[in-house]
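Notes to accompany the following structure.
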Amino acid sequence: MAAAYLRRATSCVAIACGSFAIVPGAWASGDPARGEQLYTSRCGACHSMDANRAGPAHRGVFGRKAGTAEGFDYSPALRSSAIVWTEAALDRWLANPESLVRGQKMGVSVANAQDRADLVAYLKAASAMPKPSR
Amino acid sequence: MSSIIPARRSFLGRSGLALSGAAIALLAGRPALAQGTSGSEQDIGILNVALGLEHEGINAYTLGAKSGLLQKPVLAIAVRFQDDHKEHRDTLAAAIRRLGGKPVEEKSLDAYAKALDASTLKNQGDVLALAARLELGATNAYLGVIPSFKEPQLAKVAARLAADEAMHWGILNNALGKPLPMGGMPFGA
């Protein structure tokens, strides 16, 4: 418990210092299958794996620098951030995007930690898969 | 509405009165501005994402109608739903302008066709499934942004839009022969 708290606290300090070097924190392990269902029903209005829609395409998002999906019109705030989408960064983003990057455009958040973990697990798995051929 | 503000400022200047920017924004019917620019900008950003969804929804129904895959009773419903989305679009664009923002523009039909993989639609069921997926996503998106609005009236607008999308989804889901969701409160969880 104390170690988990310390990791969280360290993460918060890193953000507060403006470094955006989001260190790994403690979060639940995710189920990518459930994450895919959540992604379809709750993210699918704006996002697809391979197309920029109201939100950017997500194929390859894991490990990518924030604000760099090709062809998407990002907010200046996200584009100029130094965030790299790791598990910890995605968890913080989904929990409260505006608290992570003030002035960003995503108005939806995911309050439930297990839901976030499942979504992150799906994004990580999908990022590793090649784009399907048509 | 924005053109009223300079006129009022000018009047106030001439009359020798001094009001804060917040008071002027309240007088102009722009309470979000009165609370601070950042809140208004955040609302504009959320509304513009929603407007992008409505543009996409309108074009999805155009793609469905033009595909020749929809039979007559279903086609009429699709056109009716598209009309609803056009009303949503106009409502959102008006709200964005009222807040001093610029509504995001519609893309080309080809761009939406590509983004939605329209070339994979082979029958009426495919079109309905796509529409149902978009309506469900929109329902959840509108419900999801409600807590983020700084202006409470916009939260109410989002709730009303979510209700429309949920109605569309229910009818499409029924047309696809799919069962009702298990339990209550299936949206926005």
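Laboratory data are not the source of any read-out in this text; all were calculated from the coordinates shown. The structure displayed is predicted, hence computed values, not measured ones. We place every Cβ from the backbone using ideal geometry, glycine too, and count neighbours over all the protein chains shown.
For the listed residue pairs B:K156/B:K178; A:K124/B:K114; B:K107/B:K156; A:K65/B:K66, the alpha carbons are over 32 angstrom apart in A:K65/B:K66.
Straight-line reach from B:K150: which lysines have a Cα under 16 Å away, not including same-chain ones fewer than 8 places off? Cα-Cα hits under 16 Å: A:K105.
Considering all different alpha carbon pairs of segment B:44-101, the Kirkwood hydrodynamic radius works out to 12.1 Å. Across every direction, the projection of the convex hull enclosing the Cα atoms of segment A:32-134 has a mean area of 6.1 nm². Above 14 Å, the calculated P(r) of segment A:29-69 contains 52 percent of its Cα-Cα pairs.
Each listed q (0.09 Å⁻¹) maps to a log10 I(q)/I(0) for segment B:68-189 from the Debye sum over equal C-alpha point scatterers, namely -0.29. Extending 7 Å from Cα along the Cβ direction at A:S80 and again at B:K72 yields two label points whose distance is 6.0 nm. In this label model, B:L176 and B:Q153 are separated by 3.7 nm, measuring between points 7 Å along each Cα→Cβ vector.
With Cα atoms as the point set, the radius of gyration and Dmax of segment B:141-189 evaluate to 12.7, 40 Å.
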